Amino acid sequence: MPRLVLLLASLKLTLVTFVFLGLSVVLAYFNEVRTSPWLVLSLSLLSLNLLAAIATNPYFRRQVPLMVFHLALLAIVILIAIGRLTYFKGRAEVVEGEAFTGDFVEIDAGPWHPLGVEQVQFINLGTRIRYAPGPVRIGTENLVGWINDQGKPEQAVIGDHTPLIRHHYRFYANWNKGFALMFGWQPNTGEALRGSVNLPSYPANALTQARQWSLPGNVQPIWAALQFDDEPVPENGGEFRLPQSYKVVIRHGEQRWEIDAGQGGADIDLPGGRLSYLGLRTWMGYQVAWDRTMPWLLGASVIAVLALAWHFWKKFAQQPWNA
Amino acid sequence: MDLIGELRILWVAVVAYVLAGSISIFGVLLKKRPERTVLGLMLLGLALHTAAIALRWQRLDHGPFVTMFEILSSNVWSLMLAFSIAYWRLPSIRPVAAIIMPILFTMMGWLMTVSPGETHLPPTYHTVWLFIHIGFGKVFLGAVLVAVGLSGVILLRRDGRADGWFSRLPDSERLSELSYRCMAIGFVFETLMLIAGAIWAQDAWGRYWDWDPLETWAFITWIIVGISLHARLTFRLSPRLGAWLVIGVFVSAFLTFFGVPFISQTPHQGAV
């Protein structure tokens with residue numbers, strides 16, 4: 001047996017790699033970049049050590065459950081590596097009554113992720129979020145609709161513990177939601193546009209319900225704020241709702257406009273075109289995840305723990321506890 | 001029954017535990033064997049504590065999983081249950097109660113100082129995986145606690161007087177072997193706890209792992225348990241060194257279970 005393989009199979013090396021892995025996990029915990037070279041190196045070293053030990057240590061051939069446990073551990077490390085290379089994680093916001101068109105607020109994906117999120121389409125048909133006094137969120141129910149593979153319309157209520165799963169992308173709707181100001185933009189030349197300005201998540205950012213954005217072809221940004229005295233999230237419990245009485249404040253340079261609730265269609269002339277306020281709606285936030293290794297990881301983990309329990313059971317059955 | 005009634009029952013339970021612990025400590029010091037009384041008081045305390053938790057559960061319509069008071073109370077209950085089973089089934093190690101009970105007294109004292117205030121169960125906690133995850137975690141901590149008791153005896157035996165107090169217990173090699181068994185059970189159940197936690201996290205927050213303080217420290221504890229089990233095999237450690245490793249695991253597990261809630265608003269950061 002080559003000396004290097006024997007060295008790699010050493011139990012002492014296992015201990016060293018365990019300590020190395022522990023330190024890498026602590027480093028990853030305190031750093032923003034989680035998948036650090038230290039973590040990759042420690043897991044690679046542990047895998048090599050496991051592989052060499054399984055191949056050379058005769059103890060594993062005598063102890064089948066222990067071998068199965070270590071093989072399952074090896075499979076878990078390999079699956080995590082595949083998962084990190086191919087995963088997709090994103091955050092999207094979809095206004096009530098509008099369709100998800102593949103736009104994300106945040107995206108984080110592995111280098112080998114086979115992009116396919118553009119195949120996913122659904123409409124946010126409305127959200128019901130219940131609160132207990134406090135207020136404390138009790139649950140989120142978000143109605144979504146889509147066209148299935150047979151071309152027929154389908155609807156489902158998603159929310160806590162119930163994601164929408166389309167083309168292996170999982171859309172989780174839970175606490176993240178807010179208000180959206182709907183606007184139309186008619187440029188002096190060109191086609192009219194319609195869109196929304198999603199205000200920061202509510203009630204997490206209750207005191208900062210404002211956002212700045214730029215209109216197409218307009219260099220100077222526009223600032224819009226929503227002001228209200230209502231309780232969209234009732235202090236004594238109830239459902240999240242749109243404020244009944246509110247004011248939308250818009251600023252462009254030194255100019256300032258105020259639009260009251262119910263003034264949908266109010267127009268503001270700006271350099272380059274006309275901005276129309278169309279109304280107030282809610283937006284729903286979705287946590288999006290894609291990781292095809294998940295069922296395999298679960299399978300490998302269950303095999304690992306069953307094999308470990310089997311190994312200890314066999315070992316301890318040889319001598320009673322009360323001997 | 002209201003909060004006051006629930007707390008009265010809990011306090012009576014704590015008194016029963018303290019009496020059981022005190023009698024077992026005096027039993028070791030005076031080399032007496034009040035084992036039936038100790039077991040009886042532990043079981044009485046457990047019955048009353050179960051009633052207190054059940055009443056709170058019925059009143060709030062959720063289990064003891066959210067506030068520090070609930071986490072401490074349910075852990076004192078599960079640790080007492082784990083130790084009572086060991087006390088009942090393994091008569092030869094009963095004097096370790098003199099080491100384990102003071103650890104539990106500390107937790108009971110802490111429990112008495114935190115607010116028993118009420119709160120709602122976050123929507124992400126409405127899942128069977130919460131019970132499975134927490135159940136596995138409690139078995140893990142219970143097994144480690146018994147191992148700590150055995151390890152404490154091994155470490156105290158260096159002192160001549162303490163050696164006399166624990167002379168009725170098996171030799172340190174045997175205690176070390178039993179502590180290894182407890183750690184092995186703990187390792188299996190901590191692995192199960194991590195798997196169940198990952199399933200719950202995927203189900204509730206759309207990720208099975210997100211480096212939140214509790215999951216990270218639970219994994220670090222898992223690594224430390226792995227190191228301690230491997231070290232025994234690799235170096236054929238002396239009972240004393242093995243005992244120190246068990247103490248290390250317990251400190252890590254204790255900080256994970258009861259220290260992390262201090263740096264995280266909910267048991268799992270972002271849980272709501």
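The values are calculated or read from the model by the stated rules, or taken from the named source; none is laboratory data. All of these numbers come straight from a predicted model, not from anything done at the bench. Quick reminder, even Gly has a Cβ in these numbers, built from the backbone with ideal geometry, and neighbours come from all protein chains shown. Heavy atoms of the whole protein, side chains included, go into the accessibility calculation; ligands, DNA and RNA do not. Shrake-Rupley method; radii C 1.70, N 1.55, O 1.52, S 1.80 Å.
Among the numbered conditions (1) surrounded by fewer than 19 Cβ atoms within 10 Å (Cβ to Cβ); (2) under 30 Å from A:Trp283 (Cα atoms), the only one that A:Val77 does not meet is (2).
Is it true that B:Ile85 is open to solvent by 40 Å² or more (accessible area, probe 1.4 Å) and either within 23 Å of B:Arg181 (Cβ to Cβ) or more than 14 Å from every other protein chain (Cβ to nearest Cβ) (or both)?
yes
Selection of region A:101-130 for residues being open to solvent by 20 Å² or more (accessible area, probe 1.4 Å), closer than 24 Å to A:Phe240 by Cα and part of a strand (DSSP E or B) yields A:Ile123, A:Leu125, A:Thr127, A:Arg128, A:Arg130.
Being in contact with a His (Cβ under 9 Å, 6 or more places away or on another chain) and part of a loop (DSSP other than H, G, I, E, B) is a condition met by no residue of region B:107-114. Looking at the structure I just gave you, is B:Ala147 part of a helix (DSSP H, G or I) and either under 28 Å from A:Leu297 (Cα atoms) or in contact with a Leu (Cβ under 6 Å, 6 or more places away or on another chain) (or both)? Spelling it out, it is not the case that B:Ala147 is part of a helix (DSSP H, G or I) and either under 28 Å from A:Leu297 (Cα atoms) or in contact with a Leu (Cβ under 6 Å, 6 or more places away or on another chain) (or both).
Where helices (runs of 4 or more DSSP H) fall entirely within region B:159-272, those with at least 1 residues that are open to solvent by less than 10 Å² (accessible area, probe 1.4 Å), more than 8 Å from every other protein chain (Cβ to nearest Cβ) and in contact with a Ser or Thr (Cβ under 8 Å, 6 or more places away or on another chain) are at B:172-205, B:213-235, B:239-254.
Can you work out which of the residues in region A:141-173 that are part of a loop (DSSP other than H, G, I, E, B) and away from chain B (no Cβ under 11 Å) is surrounded by the most Cβ atoms within 10 Å (Cβ to Cβ)? Only one residue fits best here, namely A:His168. Taken over region A:18-41, residues that are within 18 Å of B:Ile263 (Cα to Cα), open to solvent by 90 Å² or more (accessible area, probe 1.4 Å) and aromatic (Phe, Trp, Tyr) amount to 1. Looking across region B:95-118 at every residue that is touching a residue at least 12 places away in the same chain (Cβ under 8 Å) and of a type outside the set (A, V, I, L, M, F, W, C), the one that is least open to solvent (accessible area, probe 1.4 Å) is identified as B:Pro95.
Note on region A:285-303: residues that are open to solvent by 20 Å² or more (accessible area, probe 1.4 Å) and within 30 Å of A:Tyr202 (Cα to Cα) total 3.
Kindly indicate whether any position in region A:206-229 is within 14 Å of another protein chain (Cβ to nearest Cβ) and out of contact with any strand residue (DSSP E or B) (no Cβ under 7 Å at 6 or more places or on another chain). No: zero hits.
Assess whether A:Arg241 counts as being modelled with pLDDT of 95 or more, under 33 Å from the mean Cα position of the chain (by Cα) and not assigned by TED's automatic domain parsing to the domain that holds A:Leu66. Here the answer is no, as A:Arg241 does not meet what is asked.
Does any residue of region A:245-256 turn out to be in a strand (DSSP E or B) and out of contact with any strand residue (DSSP E or B) (no Cβ under 8 Å at 6 or more places or on another chain)? Yes, because at least one residue in region A:245-256 is in a strand (DSSP E or B) and out of contact with any strand residue (DSSP E or B) (no Cβ under 8 Å at 6 or more places or on another chain). Scanning region A:174-230 for residues that are open to solvent by 20 Å² or more (accessible area, probe 1.4 Å) and assigned to a strand (DSSP E or B) yields a total of 15.
There is at least one residue in region A:315-322 that is closer than 30 Å to A:Val77 by Cα, part of a helix (DSSP H, G or I), at pLDDT below 95 and open to solvent by 40 Å² or more (accessible area, probe 1.4 Å).
Of everything in region B:120-144, what is part of a helix (DSSP H, G or I), out of contact with any Phe, Trp or Tyr (no Cβ under 6 Å at 6 or more places or on another chain) and surrounded by 18 or more Cβ atoms within 10 Å (Cβ to Cβ)? Give them in sequence order. B:Pro123, B:Thr124, B:Tyr125, B:Leu130, B:Ile134, B:Gly137, B:Lys138, B:Leu141, B:Gly142, B:Ala143 - these are the residues of region B:120-144 that are part of a helix (DSSP H, G or I), out of contact with any Phe, Trp or Tyr (no Cβ under 6 Å at 6 or more places or on another chain) and surrounded by 18 or more Cβ atoms within 10 Å (Cβ to Cβ).
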